[in-house]
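The values are calculated or read from the model by the stated rules, or taken from the named source; none is laboratory data. If you're wondering where the values come from, they're calculated on a predicted model, not measured in any experiment. Using ideal geometry, Cβ is built from the backbone for each residue, glycine included, and neighbour counts are taken over all protein chains shown.
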2 protein chains.
Amino acid sequence: MEFSSKLLENAVNEMSQLPGIGKRTALRLVLHMLKQPESRTKLLAEALLKMRTEVKFCKSCHNISDVEICEICSNKNRVSHTICVVEDVRDVMAIENTSSFKGIYHVLGGKISPMDGIGPHDLKIESLVEKVKQGEVKEIIFALSSTMEGDTTNFYIYKQIQDYNIVTSTIARGISVGDELEYADEITLGRSIVNRIPFESSLKS
Amino acid sequence: MEFSSKLLENAVNEMSQLPGIGKRTALRLVLHMLKQPESRTKLLAEALLKMRTEVKFCKSCHNISDVEICEICSNKNRVSHTICVVEDVRDVMAIENTSSFKGIYHVLGGKISPMDGIGPHDLKIESLVEKVKQGEVKEIIFALSSTMEGDTTNFYIYKQIQDYNIVTSTIARGISVGDELEYADEITLGRSIVNRIPFESSLKS
């Protein structure tokens, strides 16, 4: 791509550093900004910069927060001895949207993935184990994705907390509500039969 | 979507103003920035801001440029009496990549599109007609896309310059080089037969 302007080229290059944004998409976005008022680009640039420099992570659960201890952790109506372990902020948002969970979270910041050079010490695992050791926790719910990396991470944490007297569980895997059985993959369908639940309890939810 | 941080929410909202970027994609991009060093976000924000506030448009052809008259217009090796009329900067870049055009460009900045509220006066048509009136132009090549809007724009310009003694042409439409005839759409294939060219001239290019 040959640019008639260094400023344009530079903006496109920076934009295309973002994941999933190629040079062509970057050019389309940047040209769109040129058609919009200058103030729009200023607002965008300021919002990104302010977010990147000022955003905090909750000292307790490592969720993104504007304050030292996030709203969920500091909410006295939440059950603080039930901790849901998730990969990142998006998972917290997804579970919060369901309004089905009254405990608190622990955001690991990723999964153990040797292929990507992510080991246990790159994640916020120690602080979780520390909480368990101090007897603050009664139940831990693993809500990582059911991939090799997710399972490895679950197991790594489990090994370190299994000697403490706490309940551990993982979220249920099964056929999505509303899905047709014939289109479900075999592993999911198989698990949903093995891990079937009493009919009475299905009536409650 | 409920955010645990106002700063995050603001950044996602600004990001999702861009075309083709939804809230989920915006969140993914913003969370990626949080994993990268602060300097990356600074470089991005600065590049966008600098581009938006400092970029210029060539006074002659309206192409994006860092100087008053762009490199193409000020290049004395280009044939300045042959003008290729295009919609936007990307078209200039595409044609420049072919190295097949030695004339100069005129960037309209869009197409006449009453549906989108874009009339002739929103485009850089007057300055093109002015150039023709002053006798600077020998040939005009229309290279707009062959849509209703493109054809309307071509015709609107053509009506204003037809009384001056200049050659007008449009770029050839036909089957792409390397394409199979059986997969071509009928309009393109039909046109490529009607507008067939002497075999000898096909040998030259």
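Screening B:S74 against (1) surrounded by fewer than 20 Cβ atoms within 10 Å (Cβ to Cβ); (2) within 7 Å of another protein chain (Cβ to nearest Cβ) leaves a single unmet condition, (2). A count restricted to region B:101-124 and to residues that are under 19 Å from A:K35 (Cβ atoms) and surrounded by 20 or more Cβ atoms within 10 Å (Cβ to Cβ) stands at 7. Selection of first residues in region A:121-143 that are in the same structural domain as A:I104 (by TED's automatic domain parsing) and of second residues that are among the β-branched types (V, I, T) and part of a helix (DSSP H, G or I), restricted to Cβ pairs under 7 Å at least 6 apart or on distinct chains, gives the following pairs, ordered by first then second residue: A:I125/A:I157; A:L128/A:I157; A:V129/A:I161; A:V132/A:I161; A:I140/A:I161; A:A143/A:I95.
Checking each residue in region B:29-48 for being buried (at least 19 other Cβ atoms within 10 Å of the Cβ) and either farther than 16 Å from A:D66 by Cβ or touching a Lys or Arg at 6+ places or on another chain (Cβ under 6 Å) (or both) picks out B:L29, B:M33, B:T41, B:L44, B:A45, B:A47, B:L48. Being among the polar types (S, T, N, Q) and under 14 Å from A:S16 (Cα atoms) is the filter here; which residues of region B:37-65 pass it? Of everything in region B:37-65, just one residue is among the polar types (S, T, N, Q) and under 14 Å from A:S16 (Cα atoms), namely B:T41. When A:V89, A:V107, A:V67 are screened for being touching a His at 6+ places or on another chain (Cβ under 7 Å) and under 27 Å from B:R40 (Cβ atoms), only A:V107 passes. Checking B:T98, B:T152, B:T82 one by one, the residue that is more than 28 Å from A:E38 (Cβ to Cβ) and within 14 Å of chain A (Cβ to nearest Cβ) is B:T98 and no other. Number of residues in region B:18-62 that are out of contact with any Phe, Trp or Tyr (no Cβ under 6 Å at 6 or more places or on another chain) and either within 30 Å of B:V132 (Cα to Cα) or among the acidic types (D, E) (or both) equals 10. Within region A:41-61, residues that are closer than 30 Å to B:M51 by Cβ and facing another protein chain (nearest Cβ under 7 Å) reach partners that are buried (at least 19 other Cβ atoms within 10 Å of the Cβ) and of a type in the set (D, E, K, R) with beta carbons closer than 7 Å, at six or more positions or on different chains, in the pairs A:T41/B:R52; A:L43/B:E14; A:L44/B:E14; A:A47/B:E14. When B:T188, B:T153 are screened for being of a type outside the set (A, V, I, L, M, F, W, C), assigned by TED's automatic domain parsing to the domain that holds B:I83, part of a helix (DSSP H, G or I) and in contact (Cβ under 8 Å) with a residue 12 or more places away in the chain, only B:T153 passes. If the condition is being touching a helix residue (DSSP H, G or I) at 6+ places or on another chain (Cβ under 8 Å), more than 7 Å from chain B (Cβ to nearest Cβ) and over 17 Å from B:R28 (Cα atoms), then region A:4-27 contributes A:V12, A:N13, A:K23.
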